[in-house]
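This report refers to the structure that appears directly beneath it.
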Amino acid sequence: MKRFSIMVVDDEILTLNNLKKALEKENYEVILSESGEKALELLESYRPHLILLDLVLPGISGLEVLKKVRETDREIIVIMMSAYEILEKAVEAMKLGAYDYLLKPFKLSDLKATIQRALDTLSLRLRFLEELEKEKSRYYFGKIIAHSKKMKDVLDLAARVAQSDRTTVLLQGESGTGKELLARAIHYHSPRAEKSIVAINCAAIPENLLESELFGYEPGAFTDARRRKTGLLEKADEGTVFFDEIGDMSLALQAKILRVIEDGTFTRLGGIQPVRINVRIIAATNKDLAREVEKGNFRSDLFYRLNVVPIHLPPLRERREDIIPLALFFMEEFNREIKRNFKGLESEAAKVLINYSWPGNVRELRNTIERIMSLYQAETIRFEFLPGEIRQEINPDEEKILTELSQNWPTLEQLEINYIKKVLERTDYNRSRTAKILGINPATLYRKLKNWNL
Ligand SMILES: Nc1ncnc2c1ncn2[C@@H]1O[C@H](COP(=O)(O)OP(=O)(O)OP(=O)(O)O)[C@@H](O)[C@H]1O
Ligand SMILES: [Mg+2]
């Protein structure tokens, strides 16, 4: 069990000592402060989970202390203590972000229950933040392999657009080029990272269900609608909506989505009241949306609304420098997952991989590596492990390029160094901002830089 720490701030020494004794019995770590000034000074170097804060203090008041704490820290729980006469102040404290208040004199059992409840909430929140960190690191930009200039430019643009939290992004690229991966990375590196990203696959949900899935419905909207149902859009409020395969959305639905984008409102099916939401929209498609507009399959007004920051994910065959780094990256992944010990590729095999056209792009490459690694136990991927269909004839003119590309691949570490260097340059060597953009904690970044003597 985690041991929680509590700071008690009160000007009566007797109260302080009594509380200390009682709380230590409950196995909390307790630190005392007899004034607001002292508390703020302590807080500079010590961060408790919870503060029990007296409202009336001789110097700076409890409310001042609360305000200061809130300015710098959203996570510390503050419970106010006050005498009955100044109930109004206690109400004000709640508005300023206090978790609860206790009227003096209070029973010890009430105090314990209030603290317990607060720390339960905190535990949940801490667990949520931990999950979020894990999720973030899965989508951290440094883990998107980008060795080619084309992909590096894509990542640069995505990292920049992530920071502006309302900007609509349109991701276009062939199937398997990494659109969903990039959409999630953008979300998890945006100011909305703590809220949800809701992915809606416009091609997979049947047309007649899509509308009720998106907007939800009111009771009685149709025969089976007994209760209100919240739609996916509402679930994404304050977060990000990812419209995948937007090119497959019907014209009728496109009109409704346009309204959501234009004024941030929609109505549930069978409802009258407009529902207001605040979302960032990221849309993706493997169709050429401008062409779909010309053909009359896609509304031009919606296209222009979506196309605020277009990002084009190039097919793998147009960035062949990425093939081997990706293959190595997936080898590492499957070494861990299916307990293999592959270390590299024979150069003949590497040449074949680079030469192949990869119509299914990165996904096809990943599947190919997975299949080979599950079928064979070896240290290197050899030519004869490769499935027949990818061993395409090598054009003699290409031979030289292929040899070069197959011999000079960077290690994953080099890729990471390059990426981190780049972010450092962009942030004027501000380490904490760099760590934030990378989605790693500053200590990890510091360790990496030290290892590489940077
Ligand atoms: N640059 C990359 N680095 C690492 N992994 C990648 C990269 N690009 C794609 N992948 C991986 O390839 C697979 C396919 O990517 P993703 O699902 O994002 O593609 P997509 O463009 O959404 O494809 P589709 O249009 O078919 O839905 C995923 O497993 C993803 O993690
Ligand atoms: Mg996809």
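Answer yes or no as to whether M80 is in contact with an Asp or Glu (Cβ under 9 Å, 6 or more places away or on another chain), surrounded by 20 or more Cβ atoms within 10 Å (Cβ to Cβ) and within 23 Å of D120 (Cα to Cα). Reasoning before the result, please.
Details: in contact with an Asp or Glu (Cβ under 9 Å, 6 or more places away or on another chain): yes; surrounded by 20 or more Cβ atoms within 10 Å (Cβ to Cβ): yes; within 23 Å of D120 (Cα to Cα): yes.
Taking the combined requirement at face value, the residue satisfies it.
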Quiz item: Applying the selection to the stretch 355-367, what residues are touching a residue at least 12 places away in the same chain (Cβ under 8 Å), within 16 Å of ligand 1 (Cβ to nearest atom) and either touching a Cys at 6+ places or on another chain (Cβ under 9 Å) or part of a helix (DSSP H, G or I) (or both)?
Solution: N361, V362, R363, E364, L365, R366
Exercise. Only one of these is under 21 Å from M249 (Cα atoms) and aromatic (F, W, Y): F334, F303, F342, F330. Name it.
Key: F303
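Does R268 satisfy the condition of being open to solvent by 40 Å² or more (accessible area, probe 1.4 Å), over 27 Å from E135 (Cβ atoms), assigned by TED's automatic domain parsing to the domain that holds T177 and more than 16 Å from ligand 1 (Cβ to nearest atom)?
For R268, the condition - open to solvent by 40 Å² or more (accessible area, probe 1.4 Å), over 27 Å from E135 (Cβ atoms), assigned by TED's automatic domain parsing to the domain that holds T177 and more than 16 Å from ligand 1 (Cβ to nearest atom) - is not met.
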Self-check item: Single match in L14, L32 (criterion: in the same structural domain as L66 (by TED's automatic domain parsing), open to solvent by less than 80 Å² (accessible area, probe 1.4 Å) and hydrophobic (A, V, I, L, M, F, W, C))
Solution: L32
Quiz item: If you go through the stretch 17-29, how many residues are loosely packed, with under 14 Cβ neighbours inside 10 Å and touching a strand residue (DSSP E or B) at 6+ places or on another chain (Cβ under 6 Å)?
Solution: 2
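Give P58, P48 a once-over and let me know the one that is within 22 Å of L126 (Cβ to Cβ) and in the same structural domain as L129 (by TED's automatic domain parsing).
P48
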Practice problem: Kindly indicate the residue of the stretch 289-329 that is within 16 Å of ligand 2 (Cβ to nearest atom) and of a type outside the set (A, V, I, L, M) and also most open to solvent (accessible area, probe 1.4 Å) among those meeting that condition. | Solution: H312
Quiz item: In this structure, does L365 turn out to be among the hydrophobic types (A, V, I, L, M, F, W, C) and within 16 Å of ligand 2 (Cβ to nearest atom)?
Solution: yes
Exercise. Quick one: in the stretch 195-226, of everything that is within 16 Å of ligand 2 (Cβ to nearest atom) and more than 21 Å from T265 (Cα to Cα), which residue is least open to solvent (accessible area, probe 1.4 Å)?
Key: I205
Quiz item: Are any residues in the stretch 227-254 open to solvent by less than 40 Å² (accessible area, probe 1.4 Å) and aliphatic (A, V, I, L, M), and if so, which ones?
Solution: L232, L233, A236, V241, I246, M249, L253
Quiz prompt | Residues of the stretch 187-227 satisfying the condition of being within 24 Å of the chain's Cα centre (by Cα) and of a type in the set (K, R) | solution = R192, K195
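Could you run through the stretch 234-269 and say how many residues are within 16 Å of ligand 2 (Cβ to nearest atom) and in a loop (DSSP other than H, G, I, E, B)?
So the count comes out to 2.
Just give me the residues in the stretch 207-233 being of a type in the set (D, E, K, R) and in contact with a Gly (Cβ under 6 Å, 6 or more places away or on another chain), in sequence order.
To start, the set of residues in the stretch 207-233 that are of a type in the set (D, E, K, R) comprises 207, 211, 213, 218, 224, 226-229.
E218, K229, listed by residue number.
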Practice problem: Name every residue in the stretch 227-252 that is in contact with a Leu (Cβ under 6 Å, 6 or more places away or on another chain) and aliphatic (A, V, I, L, M), in order of residue number. | Solution: L232, L233
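Here is a yes/no grid of residues against (1) surrounded by fewer than 18 Cβ atoms within 10 Å (Cβ to Cβ); (2) within 16 Å of ligand 2 (Cβ to nearest atom):
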{"site": "M151", "(1), (2)": "no, no"}
{"site": "D156", "(1), (2)": "yes, no"}
{"site": "A162", "(1), (2)": "no, no"}
{"site": "R166", "(1), (2)": "yes, no"}
{"site": "L171", "(1), (2)": "no, yes"}
{"site": "L182", "(1), (2)": "no, yes"}
{"site": "A185", "(1), (2)": "no, yes"}
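Among the residues of the stretch 170-208 satisfying the criterion of being more than 27 Å from P359 (Cβ to Cβ) and part of a helix (DSSP H, G or I), which is farthest from ligand 1 (Cβ to nearest atom)? Walk me through it before giving the result.
The initial filter retains those residues of the stretch 170-208 that are more than 27 Å from P359 (Cβ to Cβ), namely 187-198, 206-208.
Within this subset, residues satisfying the condition of being part of a helix (DSSP H, G or I) are 187-188, 207-208.
Details: H187: 13, Y188: 14, E207: 19, N208: 23 Å.
That would be N208.
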Quiz item: E131 fails exactly one of the following numbered conditions: (1) open to solvent by 50 Å² or more (accessible area, probe 1.4 Å); (2) charged (D, E, K, R); (3) more than 14 Å from the chain's Cα centre (by Cα). What is the number of that condition?
Solution: (3)
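The values are calculated or read from the model by the stated rules, or taken from the named source; none is laboratory data. These numbers were taken from a predicted model, which means no experiment stands behind them. Ideal geometry is used to build each Cβ from the backbone, glycine not excepted, and the neighbour counts take in all protein chains shown. All accessible areas refer to the heavy atoms of the entire protein, side chains included, with ligands and DNA or RNA removed. Shrake-Rupley method; radii C 1.70, N 1.55, O 1.52, S 1.80 Å.
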